[in-house]
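The structure appears right after this line, and notes come after that.
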Amino acid sequence: MCYMIPFESETGISAEKGNLMCPPYKDSNFLTTVTREKEFFYAGKIYNEDESSNFIFNFDINRSVGIVKKNYLNQVIQTLILSLKWLNLDAHFVASFENRKFVYFVFRETAIEALNCDSNEIFSRVARICKNDNGSKQVFLTFVKARIVCFLPGQNSLYYNEVIAAKFINGRLYALFKISHSSINEFALCVFSEEEINSAFEGNFLRQYKENMLWQSITSKEARMQFNCEEQNIESQEFVQDNFLLAEKEIKPLTESPLIVEKFFNFTHIDVISSTTFNNQRVDTILLLTRYNTLKRYVLQDQIESKICMISERQLPINENDFVLTMKANARLNSIVIGTIKEVIKLSIADCEKYTKKYECLHSHDPFCGWSVKSEKCKPFNEVHIKEWEQVNEFKCKVPNKKWSNWKECNETSARTKNYCLCRHEICYSEECLNKAREIQK
């Protein structure tokens with residue numbers, strides 16, 4: 001069943017059968033999003049008349065009463081079902097985001113353009129649809145997709161082909177990738193600009209004239225205009241949408257190499273939050289969760305050079321037979337909420353109390369922590385008055401004269417189980433570092 005609760009009222013809640021509207025099983029891959037204009041989008045697996053496929057559809061909530069009327073299918077605009085050129089049968093969606101003109105979907109699928117080479121290679125994609133797309137015969141007219149790549153440069157570049165999670169914030173897309181090869185367990189984090197994403201759709205397109213023929217690069221002014229949401233006659237629009245689904249240009253990262261490469265952790269979830277330090281320095285905090293519930297927190301401290309460093313690492317108190325479904329962070333509240341199959345866990349982003357000395361606190365380079373002059377303790381920004389809070393003037397990545405402490409219990413996170421996180425942090429071990437600490441403490 002599918003339920004809809006109106007935005008403005010608690011009354012008028014209605015339910016309909018979820019055929020062609022929601023996933024058939026709880027473990028089916030799908031995602032949903034509601035735009036600022038109250039357009040509802042669904043992307044994922046559907047089952048209908050014993051056939052399975054992936055598709056994207058949308059309808060305008062403003063035109064609907066309750067969930068949608070009995071004739072809601074007449075209001076839906078969608079991708080063409082059972083067409084591998086639109087979305088392959090194994091398409092797996094990981095994220096969506098929007099701006100003023102477009103809605104975007106991040107996913108991976110078997111590359112239809114690589115099948116001519118007898119290859120079942122997985123490519124990662126970004127698909128884009130105009131918000132003003134009214135469709136034709138209930139099919140989108142502005143759906144277009146491009147390959148998004150994350151790789152280690154070199155003579156034989158190593159490509160991380162499978163996107164597994166992504167987050168869009170402040171004009172940047174942070175995306176986690178893994179290598180497709182089953183014998184290699186390696187992950188990478190790449191960051192992409194909104195401008196680079198959109199530029200992929202401003203160039204040439206790939207077109208396959210007949211099945212089993214090689215895809216050819218085609219220049220089409222009409223296609224570029226149409227995919228940029230400019231009105232054209234309906235015959236031209238239908239021709240473009242049938243033939244120019246795939247952009248030729250790849251979407252490449254902002255940086256020459258990935259921000260993070262990890263060989264020993266299986267990452268599953270990502271969230272990114274943006275905050276401003278005491279000295280008005282903007283930093284992005286990146287939260288990565290592993291399959292075995294280790295939460296690693298990184299800070300991107302130089303927006304231009306994209307310098308990144310790990311700030312903290314926690315082992316979350318989640319049972320082996322439980323499974324994380326979602327992770328969301330809130331910078332203003334200094335909190336992370338993690339939803340599992342069995343419970344909801346809330347914990348602070350920063351565990352500032354682990355820094356017992358002023359030097360450790362100020363040089364933790366944690367944008368959420370500072371030294372409270374009044375209490376003489378390391379405190380998060382939301383627990384003290386700003387005039388009583390100290391931070392370093394400039395945030396820098398860790399120095400080599402430190403090492404990681406042993407694991408110890410820290411924040412209580414579960415009122416039901418009374419379990420505790422395990423945390424560790426950087427400590428001084430060289431004489432130079434210890435001398436600086438002594439100077440701060442004087």
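Values in this text are rule-based calculations from the coordinates and carry no lab data. This is a predicted model, so every value here is computed, not measured. All Cβ positions, even for glycine, are placed from backbone atoms using ideal geometry, and neighbour counts span all protein chains on display.
Quick notes
- Structure note, pairs Lys167/Lys374; Lys328/Lys357; Lys137/Lys178; Lys178/Lys296; Lys38/Lys145; Lys45/Lys307: Cα-Cα distances above 28 angstrom occur for Lys167/Lys374; Lys328/Lys357; Lys137/Lys178; Lys45/Lys307.
- Electrostatic dipole magnitude of the range 222-293 [Cβ: Lys, Arg +1; Asp, Glu -1; Cα centre; debye, to 20]: 680
- Shown in residue order for the range 139-148 are the 3J(HN,Hα) couplings computed by the Karplus curve 6.51 cos²θ - 1.76 cosθ + 1.60 at θ = phi - 60°: 10, 4, 10, 10, 6, 8, 9, 9, 6, 10 Hz (x for Gly and Pro).
- P(r), alpha carbons of the range 136-200 - 5 Å bins starting at zero, rounded %: 4, 15, 21, 21, 16, 11, 7, 4, 2, 0
- Paramagnetic reach from Glu343 in the range 269-301 [backbone N under 18 Å; point 7 Å along Cα→Cβ]: 292-295
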